[in-house]
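The values are calculated or read from the model by the stated rules, or taken from the named source; none is laboratory data. Computed from a predicted model, the values in this text were never measured in an experiment. Methodologically, a virtual Cβ is constructed for each residue, glycine included, from the backbone with ideal geometry; neighbour enumeration extends over all protein chains shown. Quick note on the areas: whole protein, heavy atoms, side chains included, nothing else; ligands and nucleic acids left out. Shrake-Rupley method; radii C 1.70, N 1.55, O 1.52, S 1.80 Å.
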Amino acid sequence: MHLSSTLSWLVDAAGDVPGADRLLAELGAHLVGDGLPLAGGALTLAVPHPLIARRTWLWRAGNGEVIEAFGFVPAGPLSALHAGPSDDAGRHWLASLAAGSVHEDRIGPSDGPLLGWIGPRPFTPVETDQLRQAARFAAAPLAALAARDTLRAALDAYLGRRSAARVLVAPLRRDVGETIQAALLFADLRGFTALSESHPPSEVIAALNAWFDRIAGAVHAFGGEVLKFIGDGVLAIFPVVGGSPRAACNAALRASSAARTGMAHLDKERNKQGLAPLPFGVALHVGEIFWGNIGAADRLDFTAIGAAVNLVSRLEGLCRPLRKTILVSGALAAQSEMPLIALGTHGLRGIAAPCAVFTVPED
């Protein structure tokens, strides 16, 4: 059976292409090489992501450039940025690119990949058949690509991007990990038990989601990663890069200040709705942690453990008695260039050595 250059590539090599952007660009280039008069192409895929419903890649034949457009989850926090049905993004872009008619093929089920093309003139019946045949042969590499993206998106959502990347390249065995230095952030809502006992589950979940949006958003904005949601608590890390912990420590401090500002705005909104504020505490520390797999032989968790993790969680417990929202260990304070206020030395439950404690200036 004789196959064109395009179909041979789809069978033999397309499955190894690292991403949808490159698959679209290389498929378009092969089609042009086989004589198809293309001005551009578009590929739309459904995405298993908490915020993004669909991604569309747009390829311009003239220079090989690929750009990307997003369709956000309806009613999600970014849905206002989504102007219309996500499948329309590629179609509208192609229609504005050249004078020909847009040709589209749906690959597989109704929510399967959508592959579109346009040329400087309408496609002939023979050219349309070539495009349809290319779409059928593209089903297998697109399925492999979608499976890889689904796995990566799921791990990113549940583990965080850095941790997910480590899991993907390391063996799935206990004790596989590494010892790293990191600035640690541990945060916890106060009075959450009373809140959960006195309010219906829907209100409790809404409060938790609003809290996690503020603290996790601040962590991610300053380059950290949420490692764990623990009940109403959050453990986040800011890995040290380049040997000096100063940048990681300053990032953790800025994230905690941003979270405090975000929670102040949230409390104002809750007050307008007749809801109680959500007091919380944040502790910051820097130290050495084991970052990797622990757990049972056949059920693993990717997490951080070590004396530094124990200390930061115990330090957060001082927020209530010291009446401070943010507490900083002496170890992190020594690495920071930001002004801090000394609160003396305090014993921490289960920690042998007393800890020098600092706080940030109140706004």
Odd one out for LEU145 among (1) open to solvent by less than 30 Å² (accessible area, probe 1.4 Å); (2) hydrophobic (A, V, I, L, M, F, W, C); (3) more than 30 Å from VAL17 (Cβ to Cβ):
(3)
Note on region 124-177: residues touching a residue at least 60 places away in the same chain (Cβ under 8 Å), not small (Gly, Ala, Ser) and not in a helix (DSSP H, G or I) are LEU172, ARG173, ARG174, ASP175, VAL176
Output the number of residues of region 157-192 satisfying the condition of being surrounded by fewer than 12 Cβ atoms within 10 Å (Cβ to Cβ) and in contact with an Asp or Glu (Cβ under 9 Å, 6 or more places away or on another chain).
1
Tell me, yes or no, whether region 337-345 has at least one residue that is under 18 Å from ALA182 (Cβ atoms), surrounded by 10 or more Cβ atoms within 10 Å (Cβ to Cβ), touching a strand residue (DSSP E or B) at 6+ places or on another chain (Cβ under 7 Å) and not hydroxyl-bearing (Ser, Thr, Tyr).
no
For ILE237, the lone unmet condition from (1) more than 29 Å from LYS268 (Cβ to Cβ); (2) assigned to a strand (DSSP E or B); (3) open to solvent by 10 Å² or more (accessible area, probe 1.4 Å) is (3)
Among the residues of region 261-286, write down those that are surrounded by fewer than 20 Cβ atoms within 10 Å (Cβ to Cβ) and either in contact with a strand residue (DSSP E or B) (Cβ under 9 Å, 6 or more places away or on another chain) or among the small types (Gly, Ala, Ser) (or both).
GLY262, ALA264, GLY274, ALA276, PRO279
With the structure loaded, tell me whether ALA210 is crowded, with 20+ Cβ neighbours inside 10 Å and in contact (Cβ under 8 Å) with a residue 12 or more places away in the chain or whether it fails that test.
no
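Acidic (Asp, Glu) and within 22 Å of the chain's Cα centre (by Cα) - does that describe any residue in region 152-165?
Taking every residue of region 152-165 in turn, at least one turns out to be acidic (Asp, Glu) and within 22 Å of the chain's Cα centre (by Cα).
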Only residues that are β-branched (Val, Ile, Thr) and in contact (Cβ under 8 Å) with a residue 12 or more places away in the chain: list them for region 213-231, please.
ILE215, VAL219, VAL226
